[in-house]
Amino acid sequence: MESIQPVRYRVWGWPAVANFVMGGMASGFYLLNFLGTSLWKGSAFNGPRANMFSLLSPLLIVLGLLLITFEAGRPLRGVYILGNLRSSWMSREVLFGILFVLSASINCIFPLPVLHLLSVGLVICYLISQGYMVYRGRALAAWNVPLAPVLFLTSAVVSGFGLLLIVMSLSRLAISVQILVTGLVCLFVNLLVYVLYAVTSLGSFDFREATADLRKPVSLMVILGMGHLVPAFLLILLLPTVGLSGMLSSHFQYLLLILASLAIVSGGTFQKVLIILRCNSARSITMGRPQNRYCG
């Protein structure tokens, strides 16, 4: 018996990483924007700047899709990405991304509930496509596990929440208790999924070897500490200070909010960088000699 040990492959580069980060963040931001418009009455989402916030998501997704065309080295041939919709999740991601950009942009000009719901459905399909782009990497032990799409989905929502806090704090917009509680729930869910995926997973030897970088002390400090625990602590500190108006009373409180949002975005970005660029080892292959068979 001969065993070929796992080998790390460069499947995607930095353009793909940027697409995953910006696309996921934009999608999470749009979903939370929809939630804010629907449920958080009296918040900034129902004000005159709501459309401006909605345009941020299509812009980031367009930038991500443009960058992904550089992955193959020939951006002008990026249109051919759409040529394999029947079997390629990358083709589906691009299609849903384009349709979402068109729908969300038109909805900003002609705000209609039907267009808004259509945009939400398209951005969810876009997020699912991103997760399955990773999951369908069957040869890569760290990617082809059921928790991978769930991790990318929850990470996108958390990153979108970080972007939401950045926008609202820099614009000095009202911060409701519902927004902070929703963010804490998102952080907890993503933390749980990440721990199940990278820390306590009882996967194969190939999976544990491929995800070894995720369990290094520095990685745990950045992803779990800075990306989850620190912002959760800061948000819990801010909860009692949010009054009925939702306006924070001091510059220091807004500074805490910005620090929490930057920590969330940084931790989520580092998480995707590690998974895409470092956890890309192929499965080991065991080769056996054919059995000798006597014929006669």
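Could you sort the peptides 53-66, 169-182 by per-residue average Cβ neighbour count (10 Å cutoff), highest mean leading?
Numbers: 53-66: 20.1, 169-182: 18.1.
Descending packing order for the listed peptides: 53-66, 169-182.
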Taking the C-alpha atoms of the stretch 11-283, convex hull volume expressed per residue in Å³
122
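Quick one: net charge around ARG136, please, counting Lys, Arg +1 and Asp, Glu -1 for every other residue with C-beta under 15 Å from its C-beta. Spell out each step's value before the answer.
Working: positive: ARG86, ARG92, ARG138, ARG283; negative: GLU93.
Result for the local shell: +3.
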Output the peptides 92-99, 216-223 sorted from most to least packed, where packing is the average of other Cβ atoms within 10 Å over each peptide's residues.
92-99, 216-223
Just add up the charged neighbours of ILE223: K/R +1, D/E -1, any other residue whose Cβ is under 14 Å from the Cβ of ILE223.
+3
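Every read-out reported here was derived from the displayed coordinates using simple, explicitly stated rules and does not represent laboratory data. Please read all numbers here as calculations on a predicted model, not as lab measurements. Positions of Cβ are generated from backbone atoms using ideal geometry, with glycine treated the same way; all protein chains shown enter the neighbour counts.
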